[in-house]
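J.: One structure, pasted below without further comment.
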Amino acid sequence: MKKQLLLLLLGLSCYTAEAQLTVTDSLSNSQIASLLQGSGLTISNLMVNCPGESIGQFSGTSEMPITQGLVLSTGLVDSVAGPASLFTTYINNMSGDLDLQALTPPWTTYDACVLEFDCVPTGDTLLFNFSFGSEEYSEFVNASFNDVFAIFLSGPGITGTINTAALPNGTPVSIDNVNAGSNSSYFYDNENPVGQFCSYDGFTTNLTAFAEVLPSSTYHFKVAIADVGDRQFDSGVFLEAFSFRSVMAVPTSIAEIQDENKLKVFPNPSADHVQLNYELNAPSTVAASIYDVTGKVVYSENYGTHTNGVYSQKVDVNALDAGSYTLILTTSQGNSVRKLIIQ
């Protein structure tokens with residue numbers, strides 16, 4: 001099935017604009033894999049555990065931060081294309097998911113939609129752009145209906161399973177954790193004003209899941225979303241097309257242990273700016289540089305000469321594309337090297 005929403009907006013100046021969101025469900029596994037796979041990796045053994053109407057391809061302009069990709073829903077993905085004034089709810093009669101339930105105790109999960117696959121990265125970092133949306137916003141924040149989603153990763157060098165779909169501070173993405181009152185910088189309220197092209201009442205900004213991995217090793221991904229507390233009102237996760245990718249970044253664990261500058265970089269990942277905190281034991285000139293994965297300098301700043309003490313510098317990264325970078329702070333005490341993730 002395909003559902004299209006075409007709305008005409010008439011401005012006071014009689015200017016006419018169009019916006020259209022198209023959702024296509026019942027995809028084949030090869031279609032799903034082609035939408036997921038970006039650069040620097042291969043995907044295999046893809047499996048879907050939910051009805052074909054609960055997973056689909058979307059494209060077009062809407063209030064959503066992503067314009068093309070794959071959407072998984074606890075209901076019907078076709079109903080995503082519509083105004084926020086609609087009540088998007090459907091029971092797909094699927095069971096819940098135990099991994100997701102562990103993130104939202106003690107409530108039971110229902111109507112789960114799960115996508116699993118293996119991948120082999122060529123680089124040491126995996127990245128995945130996503131946004132989580134829900135009809136549960138904002139009436140059911142901090143209630144038992146804490147719909148949740150995760151991108152679980154397991155494989156060499158990873159103890160057990162980790163959830164890579166978390167905020168920069170490690171908080172799992174869910175209704176209660178990301179909303180107008182909690183982690184609000186990552187939330188878009190689609191009811192104020194009322195959205196015309198995406199039916200969910202709220203969703204997150206375009207976030208980036210990331211993980212450090214071993215190149216040429218096989219890893220297992222599980223993308224899962226479920227209703228919590230009851231089967232009413234749908235939620236969905238939007239995976240940006242071709243954003244699942246692998247890059248090579250500079251290993252920094254040894255550098256951090258031996259770092260005389262005691263450099264701290266936060267927030268990391270970041271979409272607009274990062275803060276550099278460091279300590280000088282003696283007067284020193286200070287400079288910072290950021291390199292992309294090809295080794296090109298994309299940012300450079302000389303902070304001049306400082307006396308001994310603790311310092312903080314704000315670095316604007318808003319102009320950088322999403323991905324993995326290497327940040328180097330240079331002082332007379334030596335270089336401090338950090339991996340930097342831009343959302």
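J.: Please state which one of THR109, THR122 is of a type in the set (Val, Ile, Thr), surrounded by 17 or more Cβ atoms within 10 Å (Cβ to Cβ), in the same structural domain as PRO65 (by TED's automatic domain parsing) and in contact (Cβ under 8 Å) with a residue 60 or more places away in the chain.
T.: That would be THR109, the only listed residue that is of a type in the set (Val, Ile, Thr), surrounded by 17 or more Cβ atoms within 10 Å (Cβ to Cβ), in the same structural domain as PRO65 (by TED's automatic domain parsing) and in contact (Cβ under 8 Å) with a residue 60 or more places away in the chain.
J.: Taking GLY170, is it small (Gly, Ala, Ser), modelled with pLDDT of 90 or more and either surrounded by fewer than 22 Cβ atoms within 10 Å (Cβ to Cβ) or under 18 Å from the mean Cα position of the chain (by Cα) (or both)?
T.: No.
Let's see how each residue does on (1) in a strand (DSSP E or B); (2) under 22 Å from ASN163 (Cα atoms); (3) in the same structural domain as ASP201 (by TED's automatic domain parsing); (4) not small (Gly, Ala, Ser):
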| position | (1), (2), (3), (4) |
| --- | --- |
| THR42 | yes, yes, yes, yes |
| ASP78 | no, no, yes, yes |
| PRO83 | no, no, yes, yes |
| PHE128 | yes, yes, yes, yes |
| SER131 | yes, yes, yes, no |
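J.: Failed condition for LEU153, given (1) in contact with an Asp or Glu (Cβ under 8 Å, 6 or more places away or on another chain); (2) at pLDDT 95 or above, with all others met?
T.: (1)
J.: Counting just the residues of region 323-343 that are over 30 Å from ASN281 (Cα atoms) and either touching a Lys or Arg at 6+ places or on another chain (Cβ under 6 Å) or of a type outside the set (A, V, I, L, M) (or both), which one comes out surrounded by the fewest Cβ atoms within 10 Å (Cβ to Cβ)?
T.: GLY323
J.: Yes or no: region 300-322 includes at least one residue that is buried (at least 16 other Cβ atoms within 10 Å of the Cβ), more than 17 Å from GLU260 (Cα to Cα) and modelled with pLDDT under 85.
T.: For region 300-322, residues buried (at least 16 other Cβ atoms within 10 Å of the Cβ), more than 17 Å from GLU260 (Cα to Cα) and modelled with pLDDT under 85: present.
J.: Just give me the residues in region 284-341 being over 21 Å from the mean Cα position of the chain (by Cα), touching a residue at least 60 places away in the same chain (Cβ under 8 Å) and not in a strand (DSSP E or B), in sequence order.
T.: Scanning region 284-341 gives a single hit, GLN333.
J.: Please go through region 140-170 and pick out each residue that is over 25 Å from ASP118 (Cα atoms) and either part of a strand (DSSP E or B) or without any contact (Cβ under 8 Å) to a residue 40 or more places away in the chain (or both).
T.: ASN142
The values are calculated or read from the model by the stated rules, or taken from the named source; none is laboratory data. If you're wondering where the values come from, they're calculated on a predicted model, not measured in any experiment. Quick reminder, even Gly has a Cβ in these numbers, built from the backbone with ideal geometry, and neighbours come from all protein chains shown.
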